[in-house]
Amino acid sequence: MFGEIKLLEKQADYDKLIKEFGAKRFSPKILEILKTRHKLIEMGFFFAHRDFDKYLEIFKRGGQVAIVSGRGPSNYIHLGHLIIFDFIRWLQSELDAEVYIPLSDDEKYVFNKVKTLEEAYKYAIDNALDIAALGYNPEKTHMYVSSQTKWVYKISLELSRHLTYSTVKAAFGLTDSVNPGVVFYSAVQAAHILMPTIKYNYPVVVPIGMDQDPYMRLTRDIAAKIKVFKPASIYARYLRGLTGEPMSASQPETCIFINDSPETIKRKVWNAFTGGRATIKEQRELGGEPEKCVVYEWLMVYEFKDVKEALEHKMKCVSGELICGVCKEKLYNALIRFIKEHYKRKDSIKNKIQDYFDHEI
């Protein structure tokens, strides 16, 4: 079913990643080792990888594997953030993997996304609760606040010797006006990614958005220099914001925060960008354009159980059987249901969050 659902996107950017930077599209053969197939792989949200096949070969031979994916705590979590973390929870269960989740308060501080480390810490703990509430195995999940974790600085220092300012500058297009913390953070990010390999000899895979790939390329270069397994990566397409723009916590109308009220969610959904026609009459006659529609894209994540259901809905839209109000109502109900269930799980673990932090790393 790969590739049968197409969304309006910057396809050239994804093609560039695949062609120029050594990523590969998923193929059914790579995923045969997994017991199940995540629907967002089938739907194309997780669309490419680098060395995931080599990583899976180690797992197939009985090796312990690890997953690393961080969260930069500068605000409350929105639903876009949870997509990757829910995918990681699924992957943890498939591979019985150790999962390492750095809460990168240092990143948000040096990039001026928060005023103080204390502010970032407050968000870090709340974000950790939301992530854990997805159903992670506490015995195999290791969360930590980056600035408060001793080994992070030590490993960052050791790895920084394998980077140069010119390399980091070129990778991110930095100017000479950035503060030195921004440059050094590349070493910190490499420390987060490579620690399970350096300390435990676990191969690592990192599920990320395409914009984070420069960190992966730098880290893989370091791994080659210190002669350890190069971290693999899985690439996710970002879910578009409700307005059609990129989803951003600094633009609240583009996203649904986990603590938004039902009234706020309804307003945002009803104002969402669609592929509908100007009038109901035109919609019935011409049909909608679901490949342009943000509401349809969100339904793929939060409502449809598989590709078949998504394609059936798409055909109803194209034929004019559906109008946008019906789809918006369906999405609103799906989001309310998801958030209600999420808060039940979050409340059930709020006194157990330390279980995810107490493991010695």
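The values are calculated or read from the model by the stated rules, or taken from the named source; none is laboratory data. Bear in mind that the values here come from a model prediction, so they are computed numbers and not experimental data. Note that each Cβ is placed from the backbone with ideal geometry, even for glycine, and that neighbours are counted across all protein chains shown.
Quick check on my filter: what residues within the stretch 160-171 are more than 25 Å from the chain's Cα centre (by Cα) and assigned to a helix (DSSP H, G or I)?
Of everything in the stretch 160-171, those that are more than 25 Å from the chain's Cα centre (by Cα) and assigned to a helix (DSSP H, G or I) turn out to be 160, 165, 166, 167.
Give the stretch 191-214 a look and list any residue that's in a helix (DSSP H, G or I), surrounded by fewer than 23 Cβ atoms within 10 Å (Cβ to Cβ) and modelled with pLDDT of 95 or more, or say none.
197, 198, 199, 200
Confirm whether residue 94 is outside the structural domain of residue 261 (by TED's automatic domain parsing) and either of a type in the set (Gly, Ala, Ser) or modelled with pLDDT of 85 or more (or both).
Yes.
Tell me which residues, restricted to the stretch 92-139, are under 15 Å from the mean Cα position of the chain (by Cα) and either crowded, with 20+ Cβ neighbours inside 10 Å or of a type in the set (Lys, Arg) (or both).
Within the stretch 92-139, 92, 99, 100, 101, 102, 103, 104, 127, 128, 130, 131, 132 qualify.
Quick test for you: out of 318, 301, pick the one residue that is more than 23 Å from residue 86 (Cβ to Cβ) and either in a helix (DSSP H, G or I) or without any contact (Cβ under 8 Å) to a residue 40 or more places away in the chain (or both).
The conditions single out 318.
Which condition breaks for residue 60 when tested against (1) modelled with pLDDT under 90; (2) exposed (fewer than 15 other Cβ atoms within 10 Å of the Cβ); (3) within 23 Å of residue 229 (Cβ to Cβ)?
(1)
Is it fair to say residue 120 is part of a helix (DSSP H, G or I), in contact with an Asp or Glu (Cβ under 8 Å, 6 or more places away or on another chain) and in contact (Cβ under 8 Å) with a residue 40 or more places away in the chain?
yes
Might you check whether a residue that is of a type outside the set (D, E, K, R), in contact with a helix residue (DSSP H, G or I) (Cβ under 7 Å, 6 or more places away or on another chain) and part of a loop (DSSP other than H, G, I, E, B) occurs anywhere in the stretch 328-349?
No; the residues of the stretch 328-349 include none that is of a type outside the set (D, E, K, R), in contact with a helix residue (DSSP H, G or I) (Cβ under 7 Å, 6 or more places away or on another chain) and part of a loop (DSSP other than H, G, I, E, B).
Say whether the condition of being in a helix (DSSP H, G or I), closer than 18 Å to residue 239 by Cα, in the same structural domain as residue 186 (by TED's automatic domain parsing) and of a type in the set (Val, Ile, Thr) is met by at least one residue in the stretch 58-65.
No, that holds for no residue.
Taking residue 175 as the residue in question, decide whether it is outside any helix (DSSP H, G or I), over 30 Å from residue 291 (Cα atoms) and polar (S, T, N, Q).
Judged against the criteria, residue 175 is a match.
Hey, among 79, 95, which residue is in contact with a strand residue (DSSP E or B) (Cβ under 9 Å, 6 or more places away or on another chain) and over 20 Å from residue 201 (Cα atoms)?
Within the list 79, 95, the selection yields 79.
Which residues, taken from the stretch 143-190, are in contact with a strand residue (DSSP E or B) (Cβ under 8 Å, 6 or more places away or on another chain) and buried (at least 21 other Cβ atoms within 10 Å of the Cβ)?
143, 144, 146, 152 - these are the residues of the stretch 143-190 that are in contact with a strand residue (DSSP E or B) (Cβ under 8 Å, 6 or more places away or on another chain) and buried (at least 21 other Cβ atoms within 10 Å of the Cβ).
Restricting to the stretch 27-42, what's the tally of residues that are within 17 Å of the chain's Cα centre (by Cα) and of a type in the set (A, V, I, L, M, F, W, C)?
Total meeting the criteria: 2.
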